[in-house]
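Input: a single structure, listed below in structure tokens.
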Amino acid sequence: MSLENNTSLIDEEIIRKDESKGLHNLIYVKDLSLWHGKQQTLKNVELNIRDKGITVLLGPSGCGKTTLLKTFNRLTDLDPDIKTTGSIFFEDKDILTKNIDVYALRQKMGLLSQRPHPLPGTISDNIRYALKLKGIKSKVEQDDRIEYYIKKVALWDEVKDRLKYSANSLSIGQQQRLCLARGLAIEPRVILADEPTSALDPISSRKIEEQFQELSKEFAIVLVTHILRQAKRLADYTAFMYYGEVVEKGKPSDLFENPKTEIFKDYLQVGH
Amino acid sequence: MNFSLRYYIEKLRKSWMIISLVIILSLPFLIGISLLFKSWPLLVSTPISEIIFSSNWMPTKGNFGLWPFIFSSIVVSLLGLLIMIPFTLASAIYITQFAPNWISKVLRTVIDILAGIPSVIFGLWGIIVIVPMVSEWATSANSANASGYSILAAGIVVAVTTLPFVLNMLIELFESVPRELKESTLAMGASHWQTIKDVILKKIRPGIIAAFTLGLSKAFGETIAVLMVVGNVVQIPDSIFAAGYPLPALLANNYGEMMSIPKYDSALMLSALMLLIIVILFNYFAHKVIRFYQSKM
């Protein structure tokens, strides 16, 4: 894509500022509002998602974090009551416009949901299906990649002897790592994670967090969480949301040390 | 003061509940045993295999071959199942996956209304609509029996009578699939149809098999609507336009008549016993499948 095309879509000013700071952003959310029927769930959201690194969307339950996440891969399309205004720019396109190939878009945005939802079938079937959707037909290559991705999420030693077992036979923490492997197998640019540790025990949570730190060197990760400690441990960039608005955003070092708004101060207080 | 009275009332209540429970639980056995008892005279005089597989039905001569009835029952219920499967699956998928809310609500109401219609009305509807239609097809196919009273007509009618029952089960199954599983699949870039075909249908496949087995069992036992359109001729039907005579129709048409014929009573009781056993087996199988599927969840 040419540079002119790029700048015609995304605010030139933003890109210049980013570049002067040495930042490279992958997703630009511009003036995004979202209505769920008559109720407004997102209010004029402005947010940049960095390439490579973990952007944490922090906030209390029901503040619109998950909804924002679902606009990134257009899962909001499933609900006919949802209407949006504004734009989300990703790879030189506004992904909220009608003429976007949503299937291709979703393959660039891997999703890890709150609870693991393995597909019916075996452990290897779960990743094989992702590979099939990606267009990889050769059985040998599928098998190679299944091994590669299971190793990548540090699950190989635990499951290598039972790849043909039902994915439901795994513990919930293992299932979540399998779902992560499945998401990686579609070769996304971005990993969207919706409170991915909320159903897990502390040890499994820690494993997922370690994975994320490793993966953030390769991928842009958007992590939704309401756990302050998790945000502090993982965030390279944080946005605090409250009732559909991004109230504060910035680097965690600035943000957590010098909260500007009362709401965020309260949240930090309660979170501790 | 009232203690002892309350105590006895409490005891009465408890025993009343236990007694009702025992009665309900033992009903299938009691029915089965009384049928077995009544069919015993025939069973001791003729080997069971001969009764089941012989086509010779001559009650006055003491020949009670039940095969024409068993065969008709099997063919009619399988035909009904075959006709019903595509309709119920397609509607269940449409109602749960594609239909806007208001359409899905209207459709559910229609299904509930259908489920509440007495089967004699389906039988009448079969006579005035389905039988003439089948008759036309039979005529154009140069079939020996062009009356329209046939196993095909019975198959269609039985498909309609069991349809709401099966459809309701299928809708419940489709709705049991968590929304997040659907979202996870779509998030991998699968299309809506791929999600349904590769994930949702696969997830609930055992349940679907169980639902159709229960439907088959219901079709097998369907009596009045079937006997009104099936023609009731004792023969092995040689085409779908031929008349048949399923087991429930045999019982409903004949019990109470010609009871002076020796062992006739026994033969009817035996066919009732077989009907009972087959239906129980179907239900048992369906529940096995459901149990298997729940244990895998």
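The values are calculated or read from the model by the stated rules, or taken from the named source; none is laboratory data. What you are looking at is a predicted structure, and each value in this text was computed from that prediction instead of being measured. Note: ideal-geometry Cβ built from the backbone for every residue, glycine included; neighbour counts use all protein chains shown. Surface accessibility is based on the protein's heavy atoms, side chains included, excluding ligands, DNA and RNA. Shrake-Rupley method; radii C 1.70, N 1.55, O 1.52, S 1.80 Å.
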Enumeration of residues in segment B:224-252 that are open to solvent by 50 Å² or more (accessible area, probe 1.4 Å) and part of a helix (DSSP H, G or I): B:I224, B:A252
Looking only at segment B:192-232, and only at residues there that are more than 14 Å from chain A (Cβ to nearest Cβ) and among the charged types (D, E, K, R), the one that is nearest to the chain's Cα centre (by Cα): B:K218
Qualifying residue in segment A:149-164 (condition: of a type in the set (A, V, I, L, M, F, W, C) and farther than 29 Å from B:I204 by Cβ): yes
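With a cut-off of at least 1 residues that are surrounded by fewer than 18 Cβ atoms within 10 Å (Cβ to Cβ) and under 17 Å from the mean Cα position of the chain (by Cα), name the helices (runs of 4 or more DSSP H) lying wholly within segment A:158-272.
Values: elements: A:172-185, A:202-215, A:228-234, A:252-257, A:262-271.
Qualifying helices (runs of 4 or more DSSP H): A:202-215, A:228-234.
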Condition check for B:S271: among the small types (G, A, S), open to solvent by 40 Å² or more (accessible area, probe 1.4 Å) and either away from every other protein chain (no Cβ under 14 Å) or over 23 Å from the mean Cα position of the chain (by Cα) (or both): no
Qualifying residue in segment B:46-60 (condition: within 25 Å of the chain's Cα centre (by Cα), of a type in the set (D, E, K, R), farther than 20 Å from B:A210 by Cα and open to solvent by 70 Å² or more (accessible area, probe 1.4 Å)): no
Members of segment A:49-72 that are open to solvent by less than 40 Å² (accessible area, probe 1.4 Å), under 22 Å from A:K217 (Cβ atoms) and not hydrophobic (A, V, I, L, M, F, W, C): A:D51, A:G53, A:T55
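Out of curiosity, is B:V229 β-branched (V, I, T), within 29 Å of B:T60 (Cα to Cα) and assigned by TED's automatic domain parsing to the domain that holds B:G80? Reasoning before the result, please.
Working: β-branched (V, I, T): yes; within 29 Å of B:T60 (Cα to Cα): yes; assigned by TED's automatic domain parsing to the domain that holds B:G80: yes.
Judged against the criteria, B:V229 is a match.
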Selection within segment B:177-191 - within 7 Å of chain A (Cβ to nearest Cβ) and among the hydrophobic types (A, V, I, L, M, F, W, C): B:L181, B:L186, B:A187, B:M188, B:A190
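Working carefully through the options B:L82, B:L78, find the one that is open to solvent by 30 Å² or more (accessible area, probe 1.4 Å), more than 15 Å from B:Y245 (Cα to Cα), touching a Gly at 6+ places or on another chain (Cβ under 9 Å) and in the same structural domain as B:F122 (by TED's automatic domain parsing). Show your work before the answer.
Values: B:L78 fails: more than 15 Å from B:Y245 (Cα to Cα).
After applying the criteria, what remains is B:L82.
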Residue list for segment A:15-67, filter: over 17 Å from A:L96 (Cα atoms) and among the aliphatic types (A, V, I, L, M): A:I15, A:L23, A:I54, A:V56, A:L57, A:L58
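Open to solvent by 20 Å² or more (accessible area, probe 1.4 Å), over 30 Å from B:K61 (Cα atoms) and either more than 14 Å from every other protein chain (Cβ to nearest Cβ) or touching a Gly at 6+ places or on another chain (Cβ under 7 Å) (or both): does that describe B:F292?
On the way: open to solvent by 20 Å² or more (accessible area, probe 1.4 Å): yes; over 30 Å from B:K61 (Cα atoms): yes; either more than 14 Å from every other protein chain (Cβ to nearest Cβ) or touching a Gly at 6+ places or on another chain (Cβ under 7 Å) (or both): no.
No: the conditions fail for B:F292.
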Any hit, segment B:151-174, residues being assigned to a loop (DSSP other than H, G, I, E, B) and over 18 Å from the mean Cα position of the chain (by Cα): no
Segment A:87-98, subset of a type in the set (D, E, K, R) and within 17 Å of A:N25 (Cα to Cα), residue most open to solvent (accessible area, probe 1.4 Å): A:K93
Residue, farthest from A:Q40 (Cα to Cα), within segment A:73-86, restricted to residues that are modelled with pLDDT of 90 or more and open to solvent by less than 50 Å² (accessible area, probe 1.4 Å): A:N73
Every pair of residues 6+ apart whose Cβ atoms lie under 7 Å, when the first sits in segment B:17-45 and is among the charged types (D, E, K, R) while the second is assigned to a helix (DSSP H, G or I): B:K38/B:D265; B:K38/B:S266; B:K38/B:M269
Any chance B:V166 is more than 14 Å from every other protein chain (Cβ to nearest Cβ), open to solvent by less than 30 Å² (accessible area, probe 1.4 Å) and in contact with a strand residue (DSSP E or B) (Cβ under 9 Å, 6 or more places away or on another chain): no
Residue in segment B:1-17 that is nearest to the chain's Cα centre (by Cα), counting only those that are surrounded by 10 or more Cβ atoms within 10 Å (Cβ to Cβ) and among the aliphatic types (A, V, I, L, M): B:M17
Matching option when the condition is at pLDDT below 95, within 24 Å of B:A159 (Cβ to Cβ) and surrounded by fewer than 20 Cβ atoms within 10 Å (Cβ to Cβ), among B:I204, B:I209: B:I209
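Among the residues of segment A:71-124, what is the count of those that are of a type in the set (A, V, I, L, M), assigned to a loop (DSSP other than H, G, I, E, B) and more than 9 Å from chain B (Cβ to nearest Cβ)? Show your work before the answer.
Applying the first criterion (of a type in the set (A, V, I, L, M)) to segment A:71-124 yields A:75, A:78, A:82, A:88, A:95-96, A:100, A:102, A:104-105, A:109, A:111-112, A:119, A:123.
If we keep only those that are assigned to a loop (DSSP other than H, G, I, E, B) as well, we get A:95-96, A:100, A:119.
If we keep only those that are more than 9 Å from chain B (Cβ to nearest Cβ) as well, we get A:95-96, A:100.
Residues flagged as of a type in the set (A, V, I, L, M), assigned to a loop (DSSP other than H, G, I, E, B) and more than 9 Å from chain B (Cβ to nearest Cβ) within segment A:71-124 amount to 3.
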Of the criteria (1) over 30 Å from A:M109 (Cα atoms); (2) part of a helix (DSSP H, G or I), which one B:N145 fails: (2)
Qualifying residue in segment B:98-120 (condition: touching a Phe, Trp or Tyr at 6+ places or on another chain (Cβ under 9 Å) and touching a residue at least 60 places away in the same chain (Cβ under 8 Å)): no
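Looking only at segment A:125-149, which residues are among the polar types (S, T, N, Q) and either within 11 Å of chain B (Cβ to nearest Cβ) or open to solvent by 20 Å² or more (accessible area, probe 1.4 Å) (or both)? Step through it out loud before you land on a result.
First pass over segment A:125-149, keeping only residues among the polar types (S, T, N, Q): A:126, A:138, A:142.
A:N126, A:S138, listed by residue number.
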